[in-house]
1. When you look at S29, is it touching a residue at least 12 places away in the same chain (Cβ under 8 Å), buried (at least 18 other Cβ atoms within 10 Å of the Cβ) and in a loop (DSSP other than H, G, I, E, B), yes or no?
2. Would you confirm, using the coordinates I've provided, whether P19 is at pLDDT 95 or above and either assigned to a loop (DSSP other than H, G, I, E, B) or within 23 Å of W264 (Cβ to Cβ) (or both)?
3. May I ask you to list the residues in segment 235-260 that are assigned to a loop (DSSP other than H, G, I, E, B), open to solvent by less than 50 Å² (accessible area, probe 1.4 Å), touching a residue at least 24 places away in the same chain (Cβ under 8 Å) and under 22 Å from V270 (Cβ atoms)?
4. Does segment 299-321 contain any residue that is surrounded by fewer than 19 Cβ atoms within 10 Å (Cβ to Cβ) and over 25 Å from V350 (Cα atoms)?
5. Please work out which one of (1) open to solvent by less than 20 Å² (accessible area, probe 1.4 Å); (2) hydroxyl-bearing (S, T, Y); (3) modelled with pLDDT of 95 or more is the condition T72 fails and give its number.
6. Any idea which of (1) crowded, with 16+ Cβ neighbours inside 10 Å; (2) more than 23 Å from the chain's Cα centre (by Cα); (3) more than 22 Å from L185 (Cβ to Cβ) is the one G99 doesn't satisfy?
7. Out of the residues in segment 42-57 meeting the condition of being of a type outside the set (A, V, I, L, M) and surrounded by fewer than 20 Cβ atoms within 10 Å (Cβ to Cβ), tell me which one is nearest to G99 (Cα to Cα).
8. Please go through segment 407-416 and give me each residue that is open to solvent by 20 Å² or more (accessible area, probe 1.4 Å) and either outside any loop (DSSP other than H, G, I, E, B) or touching a residue at least 60 places away in the same chain (Cβ under 8 Å) (or both), ordered by number.
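The values are calculated or read from the model by the stated rules, or taken from the named source; none is laboratory data. These figures come from a predicted structure and were not determined experimentally. As a convention, Cβ positions derive from the backbone with ideal geometry for all residues, glycine included, and neighbour counts pool all protein chains shown. Side chains are part of the model used for accessible areas, which takes the heavy atoms of the whole protein and leaves out ligands, DNA and RNA. Shrake-Rupley method; radii C 1.70, N 1.55, O 1.52, S 1.80 Å.
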Amino acid sequence: MENLVEELRWRGLIHDIMPGTEEQLVKESTTVYIGFDPTSDSLHIGSLVPIILLMHLRKFGHKPIALVGGATGMIGDPSGKSNERNLLDEDTLNHNVEGIKRVLSRFLDFNATDAAAPILVNNYDWMKDFSFINFARDVGKRITVNYMMAKDSVKKRLSGDEGSEGMSFTEFTYQLIQGYDFYHLNKEYNCLLQMGGSDQWGNITTGTELVRRMNVDNEERSKAYAMTCPLITKADGSKFGKSEGGNVWLDADKTSPYKFYQFWLNTTDVDAEKYIKIFTFLDQETVEKLIATHHEAPHLRVLQKRLAEELMLLVHSKEDLDAAIFASGAFFSKDMADLKTLSENALLEVFDGIPMAEITKADFNEGLDMVAALATKTNFLASNGEARRELKQNAVSLNKEKVTEERRITEEDLINNQFLLLQKGKKNYYVIRVV
């Protein structure tokens, strides 16, 4: 087998790894699982890392299992949380599980029939008939409370750190239930390795311990390994995966392809160097050449453009990529020709994040004067006096053309019969929408 760990290591995708894991993955095709928490009916880009890990496993000849936590989702993972979250009702949970299955199916072919074909499972299927007494007898007695309390995710909550309100018995049992998932998949599919984010190390190692203890009389079946990847961060310390509008989702109806493209395109140089390794399947030589080219001319943003392109092709489509590139180019073009060809929805995407004011068509009866457009009607500028000063200094553009105070705006100026694009200086944009 090719060395998967070596591949993940240069990409910066390994945080912790249990001894023997690398040797096992080199020795033979290995069944590996990663869990997904159904807190929503979709996944955002934070979940791209585990998805990509499953895809790497598949590419290297290993058998990936994607587990959707229909059972564990009823409890809530305490890892990295300062307080217990609200529990979801069963209908919401089932809806979320189906949504996550749909998203995962875009990246892994669960209908494949070869020996290493990916598998999609829901832990509710084997947990739903487990009685509390049987779980306490068969599973609970295998792991001591001392062992469970030594985990960081438990210690932080019990110590009252980070404003914690303590931990309920419900959440305390989470690591045991996740641990049982590993045992079940080990028994049913000979799954030998669990992977996840670095905040999951405690839960994952509880699983390896449970596999060993429940197979204490069978040395071959007691093998279990663990590996985690780092939690993705931004160089400036802000949370990865968030834009001004919230999470960046993998579904087009939650985050449009244009916004998705812009998120990656606007990545900083430092982050782009890291993300090109983590989020793409480009080989090491190609990545190193891209980074070197970028260093020679950072202003061309070669790295960000390639990163955005690769992610668009992975998550959306070539058509979506082409449309996003066209719309982005249309906005920054020096003339209005391309921008005027965009649909209302496309224009709203392009203008998203730009301050916008709404006026009525009645304002166009005899034409709208520039001072009113800049101040009175929109508050783009603070006062009529400021508007006149900026106009005299030739600092204002209407639809990419410099204008003076004498210029009157008519319906003929409207983009798509609805929008006006104002600009002060190089970077201050403002949109007027006529309703």
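1. Numbers: touching a residue at least 12 places away in the same chain (Cβ under 8 Å): yes; buried (at least 18 other Cβ atoms within 10 Å of the Cβ): no; in a loop (DSSP other than H, G, I, E, B): yes.
In short, no.
2. Numbers: at pLDDT 95 or above: yes; either assigned to a loop (DSSP other than H, G, I, E, B) or within 23 Å of W264 (Cβ to Cβ) (or both): yes.
Against the criterion (at pLDDT 95 or above and either assigned to a loop (DSSP other than H, G, I, E, B) or within 23 Å of W264 (Cβ to Cβ) (or both)), P19 qualifies.
3. F240, G241, V248
4. No, there is no match, as no residue in segment 299-321 is surrounded by fewer than 19 Cβ atoms within 10 Å (Cβ to Cβ) and over 25 Å from V350 (Cα atoms).
5. Status for T72: all satisfied but (3).
6. All conditions pass for G99, except number (2).
7. First, the residues of segment 42-57 that are of a type outside the set (A, V, I, L, M): 42, 44, 46-47, 50, 56.
With the extra rule that they be surrounded by fewer than 20 Cβ atoms within 10 Å (Cβ to Cβ), the set shrinks to 42, 44, 46, 56.
Values: S42: 5, H44: 12, G46: 16, H56: 23 Å.
Once the filter is applied, the top-ranked residue is S42.
8. Listed by number, the residues that qualify are R408, E411, E412, D413, N416.
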